[in-house]
Amino acid sequence: MNAPQKVLLVQRDGMGEHKTEAISEAQFELDLSIINIKGPFPELVDEPEKAFPKNFEQMLEASELVLDFLYHPDLSDHLSILCKAKDIPLIASGRRVIGAECPATCCTLARNKRFGKYGELFGAPELIVTLDETEKLSSVRAKRQASCGATLKAAQKIVGFSPKDALQKYGLEVQFFCKAKTKPGLFLKNPIHVAAEIHTAALELALDSTIKKAVIKTPGQDWNQPGGGKENV
């Protein structure tokens, strides 16, 4: 059995913990350490290195992946410089940090071998769906999910629904659980809308796989056709 991947979460004033709830469930595959830097900080931080613990570089050297939830450009830039110097991948979801991987949301993180086990477990969702004999969703599991936990929390809300109704409902439920910052007035690219769309697409792909494996589809077959209680793999 491989040793758990060492992941370091660096946050300001606890701002990352609620956005990484699902990581705690992967304790046998990820060894998560958390550094909490307490503010407040001025708009410009002239000496960002002083905000970090004295043993920070030692903790960094022991890590295989770093998650940035500092939400301050000067602190994040300093962290990025350190990570680059030590060749440690850095993820900063929802922001623009030079030298870091910056997906729009935690659920839009693409697969990347550099992210190790974390990248296999978290990012753009990949679902496994089971249909019962009445053509309703009997279970929804995740091979890959959002680190905030929205993927499976929302999935619990669509069990018992038909595929058609589940597809209409899932995106909305994801928005209720999504931890991304909303941006009022931003159409289509609003982070919570992005999260809803990518989860709906993942569910549609899983349902399509399930139904294709369950029956030989005839031209024009829709979601209401027999599922046979199968699941996608």
Q: Could you order peptides 120-127, 93-100 by the average number of other Cβ atoms within 10 Å of their residues, highest first?
A: 120-127, 93-100
**Q.** Point-to-point label distance, residue 165-residue 87, nm (Cα→Cβ direction, 7 Å offset)
**A.** 5.5 nm
Q: Go ahead and collect, in residue order, the members of the stretch 62-88 whose backbone nitrogen is under 13 Å from a label point 7 Å along the Cα-Cβ direction of residue 55.
A: 62
Q | Descending principal axes extents, the stretch 84-173, alpha-carbon based, whole Å | A | 57, 23, 15
Q | C-alpha center-to-center spacing [the stretch 72-108, the stretch 1-65] in angstrom | A | 12 Å
Q.
Can you compute the helix-only [θ] at 222 nm over the chain? Use -39500 (n - 2.57) per DSSP H run of at least 4 residues, normalise by all residues, nearest 500 deg cm²/dmol.
A. -9500 deg cm²/dmol
Q) What order do you get for 162, 24 when you list them from fewest to most C-beta neighbours inside 10 Å? A) 24, 162
Q) For the stretch 126-214, what is the charge dipole size about the Cα centre, in debye to the nearest 20, if Lys and Arg each add +1 at the Cβ and Asp and Glu each add -1 at the Cβ? A) 420 debye
Q.
Output needed for the stretch 126-214: three equivalent-ellipsoid semi-axes, defined as square roots of 5 times the C-alpha gyration tensor eigenvalues, in descending order, whole Å.
A. 24, 12, 11
Q: Could you estimate the translational diffusion coefficient of the stretch 5-102 from the Stokes-Einstein equation, with Rh from the Kirkwood formula over C-alpha pairs, at 4 °C and 1.567 mPa s, in whole µm²/s?
A: 96 µm²/s
Q. If the viscosity is 1.306 mPa s and the temperature 10 °C, what Stokes-Einstein diffusion coefficient in µm²/s follows for the chain when Rh is the Kirkwood radius over Cα pairs?
A. 83 µm²/s
(Q) Only four residue types carry charge here, +1 at the Cβ of Lys and Arg and -1 at the Cβ of Asp and Glu. Report the dipole size of the chain about the Cα centre in Debye, rounded to the nearest 20. (A) 440 debye
Q: With a cut-off of at most 12 other beta carbons within 10 Å, and DSSP calling the residue loop, which chymotrypsin sites (Phe, Trp or Tyr not before Pro) in the stretch 1-100 qualify? Please list them.
A: 28
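Every number here is computed from the coordinates shown, using simple stated rules; none is lab data. Given the structure is predicted, the values throughout are model-derived calculations rather than measurements. Cβ coordinates were reconstructed from backbone atoms using ideal geometry, including for glycine residues, and neighbour counts include every protein chain displayed.
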